[in-house]
């Protein structure tokens with residue numbers, strides 16, 4: 001398939017309204033407004049046209065609506081592999097992959113620079129029991145003896161920029177050859193996600209954040225603030241796009257989220273004195289759950305103030321998705 005390029009007249013860009021301020025969600029809505037603005041440019045400016053093939057032509061800004069399916073996983077204090085905890089995927093348990101999916105809408109300028117608004121949903125989990133087979137002399141046995149677990153649903157809304165280097169640095173308009181159907185790309189952006197760590201105890205899921213398992217919010221630990229269940233993250237990733245036809249494209253995409261919290265799994269610092277739960281106002285089932293879940297160590301037990309987690313590195317989660325997209329605005333040659 002030969003993809004020729006034909007340039008007509010100059011694009012007229014209408015005035016741009018000032019971005020919405022303050023609240024993060026307003027900023028994301030502002031991003032959507034930018035996409036809608038691009039849409040207006042494409043529809044209203046009979047400007048520049050690029051022949052996609054002998055049957056279709058494109059305008060400078062092309063749009064795409066699509067969905068994704070794949071898996072989600074995380075890197076936290078829990079689980080891991082034998083030996084001392086390692087960085088990034090060296091300490092990853094692929095058995096913790098959970099189903100994930102999402103929907104997106106994107107605008108792509110001259111096939112090179114894109115802006116995408118995406119909603120993603122999934123689940124992350126980890127369990128110290130994966131280390132059960134570690135030999136007794138291995139340092140990772142301490143993590144197995146810790147005997148903690150967690151799971152959390154994830155909902156994320158993000159505004160992402162895509163860079164397609166084959167089109168960003170090569171002017172295909174001035175070349176006789178056809179641009180490739182494959183397009184590797186990089187992506188980065190900002191997201192707003194919600195999570196809620198829960199522990200499974202006797203077949204029952206219990207929310208962990210209200211229990212202050214490490215003394216968050218207690219007067220004895222003024223530096224341990226209660227963590228928020230809705231936070232900002234920063235997606236970074238790579239992908240490969242393939243044009244299956246003039247209307248449909250496929251993508252494979254890996255996205256890692258940089259977080260500003262070490263409490264995705266509710267584990268970060270040290271064990272506290274269990275007497276502090278009652279003295280700081282926990283009562284009833286909340287108190288019982290805190291006593292059950294803050295310390296579930298197997299033998300041998302470690303004491304108050306000993307290591308429960310490591311605050312040296314923040315938690316993170318990632319997803320690998322297969323995406324299918326539908327081109328919007330590609331017009332048939334008459």
Checklist entry - Within region 218-231, can you find the residues that are in contact (Cβ under 8 Å) with a residue 40 or more places away in the chain and surrounded by fewer than 14 Cβ atoms within 10 Å (Cβ to Cβ)? => result 219, 220
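Any residue that is over 30 Å from residue 284 (Cα atoms), touching a residue at least 40 places away in the same chain (Cβ under 8 Å) and buried (at least 19 other Cβ atoms within 10 Å of the Cβ) - is there at least one of those in region 147-154?
Among the residues of region 147-154, not one is over 30 Å from residue 284 (Cα atoms), touching a residue at least 40 places away in the same chain (Cβ under 8 Å) and buried (at least 19 other Cβ atoms within 10 Å of the Cβ), which makes the answer no.
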Checklist entry - Restricting attention to region 228-250, does a residue exist that is more than 26 Å from the chain's Cα centre (by Cα) and closer than 23 Å to residue 269 by Cα? => result no
Checklist outcome for this item: Reported set for region 267-321 where residues are assigned to a helix (DSSP H, G or I) and free of Cβ contacts under 8 Å to residues at least 40 places away in the same chain is 275, 278, 279, 284, 285, 287, 288, 291
Checklist outcome for this item: Residues in region 79-103 that are modelled with pLDDT of 90 or more and either over 15 Å from the mean Cα position of the chain (by Cα) or surrounded by 20 or more Cβ atoms within 10 Å (Cβ to Cβ) (or both) total 2
Checklist outcome for this item: Per the filter on region 229-266, residues touching a helix residue (DSSP H, G or I) at 6+ places or on another chain (Cβ under 7 Å) and assigned to a strand (DSSP E or B) are 232
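Residues are listed down the side, and each one gets a yes or a no for (1) more than 19 Å from residue 327 (Cα to Cα); (2) in contact (Cβ under 8 Å) with a residue 24 or more places away in the chain; (3) surrounded by 14 or more Cβ atoms within 10 Å (Cβ to Cβ):
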position	(1), (2), (3)
181	no, yes, no
189	yes, yes, yes
207	yes, no, yes
211	yes, yes, yes
234	yes, yes, yes
240	no, yes, no
247	no, yes, no
Item to check | Checklist (1) closer than 20 Å to residue 73 by Cα; (2) buried (at least 20 other Cβ atoms within 10 Å of the Cβ) applied to residue 194, failing item | outcome: (2)
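The values are calculated or read from the model by the stated rules, or taken from the named source; none is laboratory data. Owing to the predicted nature of the structure, the values given are computational and were not obtained by experimental measurement. Virtual Cβ from ideal backbone geometry, glycine too; neighbours counted across all protein chains shown.
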